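S.K.: I'd like to ask you about the structure that follows.
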Amino acid sequence: METKQESKLNCRVILFPQPYIGHLTPMLNLGNALYSKGFSVTIIQTRFNSLNPSEHPNFSFHYIEDPMSKDAAPWSGTLRTIVLLNESCLGGFRDCLSRILEDASVKKETVACLIADPMWAFVGSVADEFNLPRLALRTGGLLALILYDSLSLLRDKGYFQESEQEAAVVEIPPLKVKDLPSEEYHETMTLMAKGTKSYSQGIICNSFKELDGTILDRVRKTLRSTPIFPIGPLHKYASTSLASIITPDQSTITWLNTQAPNSVLYVSFGTLATLSKEEFLEVAWGLANSEQPFLWAALPRLINGLKTNDALFSDDFLEAVKDRSHIIAWAPQKEVLAHPAVGGFWTHCGWNSTIESICEGVPMICLPFFGDQKMNARHLSDVLKVALQLEKGINRHEIERTIRRLMVEKEGEELRKRSASLKLVAEQCIEEGGSSHESLDQLTSHILSYCGVEKMTVHNHLKK
């Protein structure tokens, strides 16, 4: 499906996101940022988790078929899903890309490049077939990229057999052994590191220099001559709604309006994390026993193996928290984090949630599950010092104690002060003269160079 749009530059970019919310969101925000610079934007998407084009009128959409859209349980087994999508989508992607390029040729429009999620393993070979420049959008934290690239070294040094979980990973500070991924993820992570390196024409990061300074320096050293563009926080350029995939409950804002400033703990573990029934009970009663107001976005699939007709919460729990809680399936997260009543965020530390919380100056409690989440959590707690970790695991007494540390004790006040300072830095970096503002201009020039546009012309376009 095509959506009409005007292009100031007569230069088109093609985006190819992975079809999970954590990957779709930053890719669409990147599309908005590039559209604001004058590019035409085309998005290739799977039918699985597909977006409603009417909600994104600035973009053109094309579809490729996939097996997941017909899966009875498409949210289970993310590693399996990634493998299935990569095995099944190559042919459809090649055909779709061919049609887009042929159409652009007929219209005498230049297609500058393809920007893809590096979790698509086949993109590099297909782009090479069409002699199309390609860039990657890293949707996760940069510390994870360093770890992915170091997995073989860490295995050789015996870290994954290390019995002392608190021991430091000296090659990748500030990580500890317990922050390392389980071996079931190693193959996927190695592929991601290899895939990212194949995007030698540029890596775009949803981060900013002041947030990931030393990590960014190490990534640049690892990737050598590859241009790196830290242009985040992407959602601050033009935020994207994914309401067609999962609808937020707007009653959350009405409830928050009745609460005192900095009094509410917002709880959300994303769309893919799951807990056992026992873990879920520890989380629930830790919240109840803390005696603090909370807003909990709890999707039914949060409990692993929950049957359709089973109640998510027991009557005694709901009775215990009825006067100081608001429980819904999904919240409008950016609006929630920006609300003055919210004083803390208990999060899984997915990168979108992490950077959204940083941008609103909200300190965090970390409960990471998989992927880059453990690495993000360690960076937040030990380097940036804007978060607390549940170091002893999912235990109601530890949870109760940690919530009170954040919400009512002096330690929480210190975390809030540091979070407020980091929020100011995040605001300044996208303003004129800021690090991300300049990096976005550099990315614009870089993409336009593939259209044969000289630098002087680029600067003239940017001023318009």
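S.K.: Out of Thr42, Thr46, report the one residue that is open to solvent by less than 10 Å² (accessible area, probe 1.4 Å) and at pLDDT 95 or above.
M.R.: The match here is Thr42.
S.K.: Condition test on Phe16, is it modelled with pLDDT of 95 or more and surrounded by fewer than 21 Cβ atoms within 10 Å (Cβ to Cβ)?
M.R.: Details: modelled with pLDDT of 95 or more: yes; surrounded by fewer than 21 Cβ atoms within 10 Å (Cβ to Cβ): no.
For Phe16, the condition - modelled with pLDDT of 95 or more and surrounded by fewer than 21 Cβ atoms within 10 Å (Cβ to Cβ) - is not met.
S.K.: Considering (1) surrounded by fewer than 24 Cβ atoms within 10 Å (Cβ to Cβ); (2) farther than 14 Å from Gly270 by Cα, say which one Ser353 fails and leave the rest.
M.R.: Here Ser353 clears every test but (2).
S.K.: Among the residues of the stretch 416-443, write down those that are over 20 Å from the mean Cα position of the chain (by Cα) and within 14 Å of Val342 (Cα to Cα).
M.R.: Arg416, Ala420
S.K.: Determine the pairs where a residue that is within 16 Å of Glu335 (Cβ to Cβ) and assigned to a strand (DSSP E or B), located within the stretch 345-360, has a partner that is at pLDDT 95 or above and basic (Lys, Arg) with Cβ atoms under 9 Å apart, the partner being 6 or more residues away or on another chain.
M.R.: Within 9 Å, no pair qualifies.
S.K.: Let me ask something else. Buried (at least 21 other Cβ atoms within 10 Å of the Cβ), of a type in the set (S, T, N, Q) and out of contact with any strand residue (DSSP E or B) (no Cβ under 6 Å at 6 or more places or on another chain): is that true of Ser251 in this structure? Before the answer, list the steps.
M.R.: Numbers: buried (at least 21 other Cβ atoms within 10 Å of the Cβ): no; of a type in the set (S, T, N, Q): yes; out of contact with any strand residue (DSSP E or B) (no Cβ under 6 Å at 6 or more places or on another chain): yes.
Taking the combined requirement at face value, the residue does not satisfy it.
S.K.: Anything in the stretch 315-344 that is free of Cβ contacts under 8 Å to residues at least 24 places away in the same chain and in a loop (DSSP other than H, G, I, E, B)? List them, or say none.
M.R.: If the condition is that a residue be free of Cβ contacts under 8 Å to residues at least 24 places away in the same chain and in a loop (DSSP other than H, G, I, E, B), then Lys322, Asp323 are the ones that fit.
S.K.: Pairs, please: C-beta under 6 Å, at least 6 apart or cross-chain, first residue in contact (Cβ under 8 Å) with a residue 60 or more places away in the chain and in the stretch 380-400, second open to solvent by less than 70 Å² (accessible area, probe 1.4 Å) and of a type in the set (Phe, Trp, Tyr)?
M.R.: Taking only residues 6 or more apart or on different chains, the pairs are Arg396/Trp285.
Okay, residues lined up against (1) among the aromatic types (Phe, Trp, Tyr); (2) under 30 Å from Val219 (Cα atoms); (3) modelled with pLDDT under 90:
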residue: Asn52; (1), (2), (3): no, no, yes
residue: Glu55; (1), (2), (3): no, no, yes
residue: Leu84; (1), (2), (3): no, yes, yes
residue: Cys89; (1), (2), (3): no, yes, no
residue: Gly92; (1), (2), (3): no, no, no
residue: Arg99; (1), (2), (3): no, no, no
residue: Val111; (1), (2), (3): no, yes, no
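S.K.: Within the stretch 406-447, restricting attention to residues that are outside any helix (DSSP H, G or I) and open to solvent by less than 70 Å² (accessible area, probe 1.4 Å), which residue is farthest from Asp212 (Cα to Cα)?
M.R.: Taking the candidates together, the pick is Glu409.
S.K.: Take the conditions in a helix (DSSP H, G or I), modelled with pLDDT under 95 and hydrophobic (A, V, I, L, M, F, W, C) and apply them to Val458. Does it pass?
M.R.: yes
S.K.: Something else now. Which residue pairs have Cβ atoms under 6 Å apart, sit 6 or more places apart or on different chains, and have a first residue in the stretch 423-434 that is under 20 Å from Leu384 (Cα atoms) and a second that is among the charged types (D, E, K, R) and not in a loop (DSSP other than H, G, I, E, B)?
M.R.: Ile430/Lys236
S.K.: Also: Is there a residue being within 24 Å of Ile253 (Cα to Cα), open to solvent by 10 Å² or more (accessible area, probe 1.4 Å) and modelled with pLDDT of 95 or more anywhere in the stretch 385-393?
M.R.: Within the stretch 385-393, none of the residues are within 24 Å of Ile253 (Cα to Cα), open to solvent by 10 Å² or more (accessible area, probe 1.4 Å) and modelled with pLDDT of 95 or more.
S.K.: Okay, next question. Please go through the stretch 210-246 and pick out each residue that is surrounded by fewer than 19 Cβ atoms within 10 Å (Cβ to Cβ) and closer than 19 Å to Val386 by Cα.
M.R.: Answer for the stretch 210-246, where residues must be surrounded by fewer than 19 Cβ atoms within 10 Å (Cβ to Cβ) and closer than 19 Å to Val386 by Cα: Glu210, Gly213, Thr214.
S.K.: I'd like the residue in the stretch 258-274 that is modelled with pLDDT of 95 or more and buried (at least 20 other Cβ atoms within 10 Å of the Cβ) and, out of all such residues, is farthest from the chain's Cα centre (by Cα). Full working, then the answer.
M.R.: First, pick out the residues of the stretch 258-274 that are modelled with pLDDT of 95 or more: 258-269.
If we keep only those that are buried (at least 20 other Cβ atoms within 10 Å of the Cβ) too, we end up with 264-269.
On the way: Val264: 24, Leu265: 21, Tyr266: 18, Val267: 17, Ser268: 14, Phe269: 13 Å.
Among those that are modelled with pLDDT of 95 or more and buried (at least 20 other Cβ atoms within 10 Å of the Cβ), it is Val264.
S.K.: Tell me which residues, restricted to the stretch 194-206, are open to solvent by less than 10 Å² (accessible area, probe 1.4 Å) and either closer than 27 Å to Gln389 by Cβ or not in a loop (DSSP other than H, G, I, E, B) (or both).
M.R.: Answer for the stretch 194-206, where residues must be open to solvent by less than 10 Å² (accessible area, probe 1.4 Å) and either closer than 27 Å to Gln389 by Cβ or not in a loop (DSSP other than H, G, I, E, B) (or both): Thr196, Ile203, Ile204, Cys205, Asn206.
S.K.: Now a separate question. Taking the stretch 181-193 on its own, how many of its residues are in a loop (DSSP other than H, G, I, E, B) and crowded, with 17+ Cβ neighbours inside 10 Å?
M.R.: The number of residues fulfilling the criteria is 1.
S.K.: Just a yes or no: is a residue in the stretch 108-120 in contact with a Cys (Cβ under 6 Å, 6 or more places away or on another chain) and in contact (Cβ under 8 Å) with a residue 12 or more places away in the chain?
M.R.: There is at least one residue in the stretch 108-120 that is in contact with a Cys (Cβ under 6 Å, 6 or more places away or on another chain) and in contact (Cβ under 8 Å) with a residue 12 or more places away in the chain.
S.K.: Yes or no: the stretch 57-67 includes at least one residue that is closer than 23 Å to Cys205 by Cβ and either open to solvent by 10 Å² or more (accessible area, probe 1.4 Å) or outside any loop (DSSP other than H, G, I, E, B) (or both).
M.R.: Checked the stretch 57-67: at least one residue is closer than 23 Å to Cys205 by Cβ and either open to solvent by 10 Å² or more (accessible area, probe 1.4 Å) or outside any loop (DSSP other than H, G, I, E, B) (or both).
The values are calculated or read from the model by the stated rules, or taken from the named source; none is laboratory data. Because the structure is a prediction, the values reported are computed rather than measured. Methodologically, a virtual Cβ is constructed for each residue, glycine included, from the backbone with ideal geometry; neighbour enumeration extends over all protein chains shown. Calculation scope for accessible area: heavy atoms of the full protein, side chains included, ligands and nucleic acids excluded. Shrake-Rupley method; radii C 1.70, N 1.55, O 1.52, S 1.80 Å.
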